[in-house]
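Report on the structure given below.
The values are calculated or read from the model by the stated rules, or taken from the named source; none is laboratory data. Because the structure is a prediction, the values reported are computed rather than measured. Here the Cβ positions follow ideal geometry from the backbone for every residue, glycine too, while neighbour counts run over all protein chains shown. Accessible surface areas use protein heavy atoms only, side chains included; no ligands, DNA or RNA. Shrake-Rupley method; radii C 1.70, N 1.55, O 1.52, S 1.80 Å.
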Amino acid sequence: MRIDNNVMPVRAISCAPFTDQRMGTAGLRKKVRVFQQPHYLETFLQAVLDTLQLPPGSTLVLGGDGRYFNREALQTLIRMTAAAGVRHLVVGQDGLLSTPAASNLIRMRKAHGGFLLTASHNPGGPDGDFGIKFNMANGGQAPQAITDAVFRASQALRGYRIAELPVIDLSRCGTQQHGPLRVEIVDPVADYQQLMERLFDFGRMADWVKAGNRVVFDAFHGITGPYARRILADTLGCAMADLLHTNPLPDFGGLHPDPNPVEGRHLVELCAGAAAPALAAASDGDGDRNMILGPACPVSPGDSLAIMLAGAALIPGYRQGVPGVARSMPTSRAVDRVAADLRIPCFETPTGWRFFCNLLEAGRIGLCGEESFGTGSSHAREKDGLWAVLFWINLLAVRSEPLPEVVAAHWRRYGRHYFQRHDYEIADAAHGTDLMEDLRSRLGSLPGSDLGIARVDLADDFHYHDPVDGSESPHQGIRIVLDGGARLVYRLSGTGTSGATLRIYLEKFEDNPAMLDCSPDEALRPLGKLAAHLAAIEAHAGLTQPTLVV
Ligand code: G1P
Ligand code: ZN
């Protein structure tokens with residue numbers, strides 16, 4: 001097909017709006033089959049493009065985690081962004097870009113934003129999930145005001161506009177011109193690796209690996225495989241045989257690419273045995289999550305963030321110190337203690353990475369993290385799985401102590417925050433909403449009452465006031481803080497694609513030196529029982545046990 005240099009042939013298609021295109025915690029996530037309905041993807045993209053009103057001639061970054069439907073969706077995305085007047089697309093080779101690498105590329109190329117095709121750690125394949133996020137020019141996810149406006153636009157749509165273009169070959173790096181549209185296919189790893197080399201002491205890390213410290217990394221057939229091969233193996237000298245599932249597959253080879261102790265139980269078992277590596281780690285489908293373990297020592301995400309902050313001055317990219325730190329509200333308060341010690345502010349934000357972005361952009365924080373195995377820093381506007389692994393390697397290389405000793409020393413100094421998340425999968429979403437409403441209606445009567453293991457100090461529904469743009473985010477989860485510092489948090493997931501997932505976060509602080517080595521199961525059992533009883537989970541949802549404990 002030949003296209004005139006200046007005119008992009010565009011077709012207008014009429015169709016009825018879909019009623020369910022509201023974005024959740026991280027973009028629009030639905031079953032693949034929902035996205036495959038005629039016009040579904042197109043109407044959503046049109047709603048985003050209508051809302052953004054990109055200036056003519058804009059540049060956008062496009063890429064995804066390689067999951068099922070990425071390839072088809074990417075071709076549609078190219079044709080629709082071209083119809084909207086975009087004239088330069090920067091696309092990862094084969095349509096691949098990890099979420100943090102895409103965030104970096106948007107910033108490096110001064111693009112107007114980017115579309116990320118991913119449902120993160122959700123299962124892939126024809127019966128799995130698909131998703132789309134839009135990131136702004138700062139590399140961070142679209143804020144609530146934009147996602148709300150996109151939903152309103154999606155309700156009013158009467159059709160969409162799509163350019164007539166041939167299928168674009170994304171398999172070779174280089175630039176292609178299609179009429180007025182320039183499509184630049186880039187190596188997904190190169191810019192990201194350069195960024196990592198600026199932040200970390202690769203020479204020292206390679207020496208540490210050479211000295212016999214083994215690193216095992218699992219990519220779960222998600223996007224991080226190519227990044228891990230180039231950075232961990234080719235550059236730092238880790239053994240290729242210790243990098244697992246590194247070829248991205250559309251169905252993740254049937255794996256559930258969620259780096260937590262349940263999906264990563266093989267790593268937990270490996271670390272519990274005599275052949276434990278110095279460091280084991282994993283990332284998720286789109287490369288923004290991380291799990292860190294050492295010999296007989298899984299590191300909880302809250303502890304990981306706290307230990308990273310405590311050691312940041314040892315890492316080249318953070319040697320100047322960080323201005324502040326942030327954690328999502330349900331994340332353990334371990335990092336708060338380190339921040340207090342360093343006399344830097346610690347912000348508490350709602351769940352979802354986008355809430356960190358204003359603080360990062362304003363230079364108020366340098367590190368941030370969530371209990372859901374997400375950690376990141378000012379180097380990007382998304383959390384970053386491989387970055388966290390490299391941070392730990394750099395830290396261990398400088399400290400010259402085994403990981404379990406680093407963790408134990410941290411607990412001895414600051415105390416330990418035992419932490420667990422209990423997820424309850426509730427088949428009927430309405431039962432989940434009723435449960436939360438019921439609990440919310442009882443909050444006023446809780447403070448001062450005795451719950452058996454302790455009295456209630458505070459009970460509220462978390463409301464966030466963004467200190468940078470002044471926006472308000474009410475109803476971000478129920479907090480019940482007990483006398484002595486234990487805490488229960490309840491919220492409903494915003495990333496599921498069916499039913500409701502109730503998440504309950506349990507936390508208990510311990511500074512008695514004799515009590516630092518309990519298992520979280522043991523330390524938190526009474527709190528877990530209390531949490532289930534308080535929310536009347538059995539009465540509302542018929543569930544007597546959590547579906548998942550991480
Ligand atoms: C979950 C996590 C949250 C994370 C999000 C995207 O959201 O809890 O911390 O930012 O995935 O990775 P939820 O399903 O709880 O809304
Ligand atoms: Zn993810």
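Restricting GLU382, GLU437 to those that are within 16 Å of ligand 2 (Cβ to nearest atom), of a type in the set (Asp, Glu) and either surrounded by fewer than 23 Cβ atoms within 10 Å (Cβ to Cβ) or under 22 Å from SER493 (Cα atoms) (or both) reduces the list to GLU382.
Looking across region 66-97, the residues that are out of contact with any helix residue (DSSP H, G or I) (no Cβ under 8 Å at 6 or more places or on another chain) and of a type in the set (A, V, I, L, M) come down to LEU74, ILE78, ALA82, ALA83, VAL86. Set side by side, the residues VAL86, VAL61 differ, and just one is crowded, with 24+ Cβ neighbours inside 10 Å and over 30 Å from ASP218 (Cα atoms), which is VAL86.
For LEU396, the criteria (1) within 26 Å of GLN194 (Cβ to Cβ); (2) in a strand (DSSP E or B) hold in every case but one, which is (2). Taken over region 488-500, the criterion of being away from ligand 2 (no atom under 16 Å from the Cβ) and either in contact (Cβ under 8 Å) with a residue 60 or more places away in the chain or open to solvent by 30 Å² or more (accessible area, probe 1.4 Å) (or both) is satisfied by VAL489, ARG491, LEU492, SER498, GLY499, ALA500.
Listed here are the residues, each with its yes/no results for (1) among the charged types (D, E, K, R); (2) within 16 Å of ligand 1 (Cβ to nearest atom).
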position: ARG229; (1), (2): yes, no
position: LEU243; (1), (2): no, no
position: ASP258; (1), (2): yes, yes
position: ALA280; (1), (2): no, no
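Do we have MET308 as more than 16 Å from ligand 2 (Cβ to nearest atom) and open to solvent by less than 20 Å² (accessible area, probe 1.4 Å) here? Considered against the rule, which asks whether it is more than 16 Å from ligand 2 (Cβ to nearest atom) and open to solvent by less than 20 Å² (accessible area, probe 1.4 Å), MET308 comes out as yes. Which condition breaks for ALA282 when tested against (1) under 15 Å from the mean Cα position of the chain (by Cα); (2) within 18 Å of HIS417 (Cα to Cα)? It fails just one condition, (2).
Taking region 161-245 and the strands (runs of 3 or more DSSP E) fully enclosed by it, the elements with 2 or more residues that are open to solvent by less than 10 Å² (accessible area, probe 1.4 Å) and under 30 Å from VAL7 (Cβ atoms) are at 181-186. Taking region 88-147 as the range and being assigned to a strand (DSSP E or B) and within 16 Å of ligand 1 (Cβ to nearest atom) as the test, the residues that pass are LEU116, LEU117, ASP129, PHE130, GLY131, ILE132, LYS133, PHE134, ASN135, GLN141. I'd like to know if region 520-529 contains one or more residues that are surrounded by 17 or more Cβ atoms within 10 Å (Cβ to Cβ) and either part of a strand (DSSP E or B) or within 16 Å of ligand 2 (Cβ to nearest atom) (or both). No.
Against the test of being crowded, with 24+ Cβ neighbours inside 10 Å and more than 16 Å from ligand 2 (Cβ to nearest atom), the options LEU270, LEU279 yield a single qualifying residue, LEU279.
The residue that is farthest from ALA163 (Cα to Cα), counting only those in region 1-18 that are modelled with pLDDT of 95 or more and β-branched (Val, Ile, Thr), is ILE13. Within the option set GLY287, GLY253, GLY264, being open to solvent by 10 Å² or more (accessible area, probe 1.4 Å) and not polar (S, T, N, Q) holds for one residue only, GLY253. Selection of first residues in region 380-408 that are in contact (Cβ under 8 Å) with a residue 12 or more places away in the chain and of second residues that are buried (at least 24 other Cβ atoms within 10 Å of the Cβ) and basic (Lys, Arg), restricted to Cβ pairs under 8 Å at least 6 apart or on distinct chains, gives the following pairs, ordered by first then second residue: LYS383/ARG289; GLY385/ARG289.
For ALA427, the conditions (1) under 27 Å from the mean Cα position of the chain (by Cα); (2) surrounded by fewer than 24 Cβ atoms within 10 Å (Cβ to Cβ); (3) within 23 Å of PHE217 (Cα to Cα) all hold with the exception of (3).
Beta carbons closer than 9 Å, at least 6 apart along the sequence or on distinct chains, pair a first residue in region 512-524 that is under 15 Å from ARG487 (Cα atoms) with a second that is surrounded by 14 or more Cβ atoms within 10 Å (Cβ to Cβ) and aromatic (Phe, Trp, Tyr) for PRO520/TYR418; PRO520/PHE419; ALA523/TYR418; LEU524/TYR418; LEU524/PHE419. Out of all the residues in region 305-317, is one or more out of contact with any strand residue (DSSP E or B) (no Cβ under 9 Å at 6 or more places or on another chain) and at positive phi? Looking through region 305-317, none of the residues is out of contact with any strand residue (DSSP E or B) (no Cβ under 9 Å at 6 or more places or on another chain) and at positive phi.
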